[in-house]
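Please read the structure below before turning to the comments.
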Amino acid sequence: MTGGDYSELVGVEVLDVGPEGARARIEVGPQHLQPFGTVHGGVYASLAETICSVATYTAVHEDGMVAMAQSNATTFVRPVTEGTVTAVATPRQRGRTTWVWDCDLTDDDDRICALARLTIAVRPGR
């Protein structure tokens with residue numbers, strides 16, 4: 001699982017993924033910018049949600065389970081206008097039905113641009 005069609009549409013590149021942590025990035029292009037020339041907040045939230053969902057799914061799918069975002073709280077700290085946004089996700093709680101992740105989103109200079117906390121629901125697959 002790489003994140004699906006939406007993730008491909010916005011250009012998410014999964015770098016590494018596992019139950020102990022995961023990383024992904026987006027190369028910023030004009031499609032990621034809001035009218036004032038900075039990365040749209042939804043890009044940060046989407047990147048964080050993608051990597052946390054993919055990492056959870058990777059850990060639970062062999063048990064017939066799927067993973068989907070239940071909550072996404074993203075705080076925007078620093079504007080980005082070009083370059084790469086990288087997401088580094090760290091699990092805080094790995095439960096039977098819910099995983100909680102913290103995700104740092106950084107620019108090319110490794111400065112925090114956004115912080116996200118995600119709750120990922122784990123449910124039986126269909």
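Read-outs: derived from the displayed coordinates by stated rules, not from any lab. Nothing here was measured: the structure is a model prediction, and the numbers come from that model. Cβ atoms come from the backbone with ideal geometry, glycine included; neighbour counts cover every protein chain shown.
Under 16 Å from the 7 Å Cα→Cβ point of Leu33, by amide nitrogen: which residues of the stretch 63-88?
Flagged as within label range: 79-85.
Ranked highest first by the average count of other Cβ atoms within 10 Å around their residues, in what order do 67-79, 36-48 fall? Write down the numbers at each step before the final one.
Values: 67-79: 15.2, 36-48: 19.6.
Ranked from most to least packed, the peptides come out as 36-48, 67-79.
Please arrange Asp5, Asp16 by how many other C-beta atoms lie within 10 Å of their C-beta, fewest to most.
If I rank by nearby Cβ atoms, fewest first, I get Asp5, Asp16.
From the residues Ala69, His40, Ala55, which one has its Cα farthest along the dipole of the stretch 4-124 in the positive direction, the dipole being from +1 and -1 charges on Cβ of Lys/Arg and Asp/Glu about the Cα centre?
The Cα lying farthest towards the positive end belongs to Ala69.
Quick check on the exposure proxy: order Leu15, Leu105 from fewest to most C-beta atoms within 10 angstrom.
Exposure proxy ranking, most exposed first: Leu15, Leu105.
For the stretch 4-124, what relative contact order do you get, as a whole percent, if you take Cα pairs closer than 8 Å and at least 6 residues apart?
Once normalised by length, the contact order is 27 percent.
Amide H to amide H, which residues 5 or more places from Val77 or on other chains are under 5 Å from it, using H placed in the peptide plane?
Residues meeting the amide H criterion: Ala114, Leu115.
Once the piece of chain linking Asp5 and Glu62 is laid out straight, how much longer is it, given 0.36 nm per residue of separation minus the C-alpha distance between them?
Extending this stretch completely gives an extra 18.3 nm.
Given the -39500 (n - 2.57) contribution per DSSP H run of 4+ residues, what per-residue ellipticity at 222 nm results for the chain, rounded to the nearest 500 deg cm²/dmol? List each step's numbers first, then the result.
Values: 2 runs with 27 residues, N = 126.
It comes out at -7000 deg cm²/dmol, rounded to the nearest 500.
Provide Rg over Rh for the stretch 4-124; use the alpha carbon set for both Rg and the Kirkwood Rh (inverse mean inverse pair distance).
Taking Rg over the Kirkwood Rh, I get 0.98.
Check Val28: other-chain or 5+ apart residues with amide H under 5 Å from its amide H, H built from backbone geometry?
Placed amide hydrogens put Gly83, Thr84, Val85 under 5 Å from Val28.
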